[in-house]
Amino acid sequence: MSKPAKIRVVIVEPGQYAREAEIDNTLQAEQAVVGGSIEVIYPWPDKNVCLVLNDEGKVIPLEPNRGLLEYRDIVFGTFFVCGDNGEDFCSLSDLQVKRFLQRFSRPEVFIPYCGHLLPILYDRRDLPNVPEAVRQETKERNGLPQICFSDMPGIPEVVLLEYGENRCLPLSASPEGKTASQYADELNERIGVTPDQQRALQRGFACGWKTGPDDRTDKKHSQDMTR
């Protein structure tokens with residue numbers, strides 16, 4: 001069986017939506033994608049599909065990328081998913097591309113929680129390759145994000161607020177030297193949540209989600225986000 005010159009893969013980068021790509025089927029090209037020496041793992045029962053990652057991602061360390069539930073672990077750094085014909089890497093099928101674009105679609109932010117890193121999915125409309133489903137969901141939320149981080153009276157930790165939910169999740173204590181408010185602002189900046197959006201979710205949590213944004217700043221921002 002001849003080795004294909006190029007292969008169709010799904011590339012997954014930290015802080016980005018998963019994307020389909022075609023890469024050269026060479027060791028140099030594969031190392032360029034992951035940023036170093038490669039390691040190949042087989043997290044799924046079908047051994048004709050593999051995940052290729054940087055084998056020193058945790059040692060360097062690279063940025064945490066996606067939780068890998070199959071291994072109860074986290075992949076650090078950029079990785080890609082491709083086919084394996086038993087001899088060489090090969091292209092993913094249409095069905096496999098769809099499967100892994102969905103599997104790794106949304107970026108994840110990792111927060112210390114109970115001695116571990118907790119992966120939290122989020123959406124950012126300003127990133128490339130935003131799935132159409134995400135655009136539609138954001139429009140249904142009047143342009144507001146699905147989640148934000150916040151401080152809360154009487155709770156020393158940063159909490160996670162989720163659009164439409166009436167419960168909040170207290171997370172780990174703030175890093176030394178930072179208040180809960182400062183840490184929440186830092187996390188929100190990381191996932192692209194603006195102060196206006198945070199305030200809108202805080203109001204929804206406190207006053208009820210049917211009220212929606214109730215000042216001109218939030219309404220204008222919502223309109224801008226759904227255009």
query = Out of region 156-174, which residues are without any contact (Cβ under 8 Å) to a residue 12 or more places away in the chain and out of contact with any Asp or Glu (no Cβ under 9 Å at 6 or more places or on another chain)?
reply = Arg167
remark   = Tyr183 passes all but one of the listed conditions (1) assigned to a loop (DSSP other than H, G, I, E, B); (2) within 20 Å of the chain's Cα centre (by Cα); (3) crowded, with 18+ Cβ neighbours inside 10 Å; the exception is number (1)
inquiry  = Considering only residues that are modelled with pLDDT under 95 and buried (at least 20 other Cβ atoms within 10 Å of the Cβ), which ones fall in region 186-216?
reply    = Pro213
remark   = Pairing a residue in region 66-90 that is on the phi > 0 side of the Ramachandran plot with any residue that is modelled with pLDDT of 95 or more and part of a strand (DSSP E or B), where Cβ atoms lie under 8 Å and the two sit 6 or more apart in sequence or on different chains, gives Gly77/Leu53; Gly77/Asn54; Gly77/Asn65
inquiry  = Looking only at region 107-149, count every residue that is charged (D, E, K, R) and either part of a loop (DSSP other than H, G, I, E, B) or buried (at least 18 other Cβ atoms within 10 Å of the Cβ) (or both) and tell me the total.
reply    = 6
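Just to be sure before I move on: is Leu95 at pLDDT 95 or above and under 25 Å from Leu187 (Cα atoms) in the structure I sent?
no
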key: Segments classed as strands (runs of 3 or more DSSP E), wholly inside region 1-49, with at least 3 members that are closer than 24 Å to Ser105 by Cβ, in contact with a Leu (Cβ under 9 Å, 6 or more places away or on another chain) and without any contact (Cβ under 8 Å) to a residue 60 or more places away in the chain   = 38-41
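The values are calculated or read from the model by the stated rules, or taken from the named source; none is laboratory data. Quick caveat: nothing in here was measured; it's all calculated off a predicted structure. No Cβ is skipped: glycine too gets one built from the backbone with ideal geometry, and neighbour counts run over all protein chains shown.
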